[in-house]
Amino acid sequence: GREDFVYRITLGATPFVSSIFPLGGPVGDKTTVQALGWNLPSDRITLNNKNTEPGVRSVSLGKARRASNTVPFALDTLPECRAAEPNNHSSAAQKIKLPALVNGRMNRPGDWDVFSFKGRKGDEIVARVQARSLGSPMDSMLKLTGAAGKTLAVNDDYEDKAAGLITHHADSQISMKLPADGTYLIHLGDTQNKGGKAYAYRLR
């Protein structure tokens, strides 16, 4: 325990959202979100992000006394896309053009998503995962390799100093200067080899 480990308990046959997908969307556009949970009035909600700013907002399903719990929803200005299977191995890596923000899931235990991009020598590349910080149970692992498979950088837990109340910094981040022109691969998985519909992420 800790002095900031405070809580509220709500009991009853009330709407409860356990997870959503995607975990965020683009500023200035609408995003249709799929929700999982109990006693929900609908399993989908369309969020209008027209008059919003980049950052994390709270969203819920239903209204008034039948409103669900709130869950975090991230908004960003980068071009967004969805992870497309099969992209489990280097040979089937999904091509993306930087800058980009990818919404995806670890669909099953042991799943990995691999993305390829073109880079130039000296480019300062930052790859960041938002998952646990947005309510996903995913404990991410990021790896950057060259096209031939040589590992250039790996990160499991990246400590976000701005999130002081988080006890387990389970999201990952890699930042490095590319050594040469060419194709590079980002590998993303769960460190505990878990997966399922709730294991969503945003890779920025």
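The table for this structure:
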| item | result |
| --- | --- |
| Residue match in segment 66-89 (condition: more than 21 Å from Lys194 (Cβ to Cβ), of a type in the set (D, E, K, R) and free of Cβ contacts under 8 Å to residues at least 24 places away in the same chain) | no |
| Subset of segment 28-56 [buried (at least 16 other Cβ atoms within 10 Å of the Cβ) and touching a Pro at 6+ places or on another chain (Cβ under 9 Å)] | Thr31, Val33, Gly37, Leu40, Asn49 |
| Hey, Gly25 at negative phi, surrounded by 15 or more Cβ atoms within 10 Å (Cβ to Cβ) and touching a residue at least 40 places away in the same chain (Cβ under 8 Å) or not | yes |
| Selection within segment 90-113 - open to solvent by 40 Å² or more (accessible area, probe 1.4 Å), touching a residue at least 24 places away in the same chain (Cβ under 8 Å) and polar (S, T, N, Q) | Ser90, Asn107 |
| Which listed residue, of Leu152, Leu75, Leu144, is assigned to a strand (DSSP E or B) and under 30 Å from Ile9 (Cα atoms) | Leu75 |
| Near pairs, Cβ below 8 angstrom, 6+ apart or cross-chain, from segment 45-62 (more than 8 Å from Leu75 (Cα to Cα) and free of Cβ contacts under 8 Å to residues at least 24 places away in the same chain) to any residue that is polar (S, T, N, Q) and part of a strand (DSSP E or B) | Ile45/Thr32; Thr46/Thr31; Thr46/Thr32 |
| Residue tally, condition touching a strand residue (DSSP E or B) at 6+ places or on another chain (Cβ under 8 Å) and either among the hydrophobic types (A, V, I, L, M, F, W, C) or over 17 Å from Ser140 (Cβ atoms) (or both), over segment 95-124 | 18 |
| Residue in segment 181-189 that is touching a residue at least 24 places away in the same chain (Cβ under 8 Å), surrounded by 16 or more Cβ atoms within 10 Å (Cβ to Cβ), within 14 Å of the chain's Cα centre (by Cα) and not in a strand (DSSP E or B) present | no |
| Extreme residue, most open to solvent (accessible area, probe 1.4 Å), among residues of segment 3-22 that are in contact (Cβ under 8 Å) with a residue 60 or more places away in the chain and not polar (S, T, N, Q) | Asp4 |
| Residues satisfying the stated conditions in segment 57-72, i.e. surrounded by 14 or more Cβ atoms within 10 Å (Cβ to Cβ), assigned to a strand (DSSP E or B) and out of contact with any Phe, Trp or Tyr (no Cβ under 6 Å at 6 or more places or on another chain) | Val71, Pro72 |
| Count - residues of segment 125-168 that are under 17 Å from the mean Cα position of the chain (by Cα), at pLDDT 95 or above and surrounded by fewer than 18 Cβ atoms within 10 Å (Cβ to Cβ) | 1 |
| Answer residue from segment 78-109, given it is in a loop (DSSP other than H, G, I, E, B) and either closer than 16 Å to Leu23 by Cβ or β-branched (Val, Ile, Thr) (or both) and is farthest from the chain's Cα centre (by Cα) among those | Ile96 |
| Set Ser116, Ser175: member being assigned to a strand (DSSP E or B), open to solvent by 60 Å² or more (accessible area, probe 1.4 Å) and small (Gly, Ala, Ser) | Ser175 |
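The values are calculated or read from the model by the stated rules, or taken from the named source; none is laboratory data. This structure is a prediction, so every number in the text was calculated from the model and none was measured. We place every Cβ from the backbone using ideal geometry, glycine too, and count neighbours over all the protein chains shown. Ligands, DNA and RNA are excluded from the accessible area calculation, which covers all protein heavy atoms including side chains. Shrake-Rupley method; radii C 1.70, N 1.55, O 1.52, S 1.80 Å.
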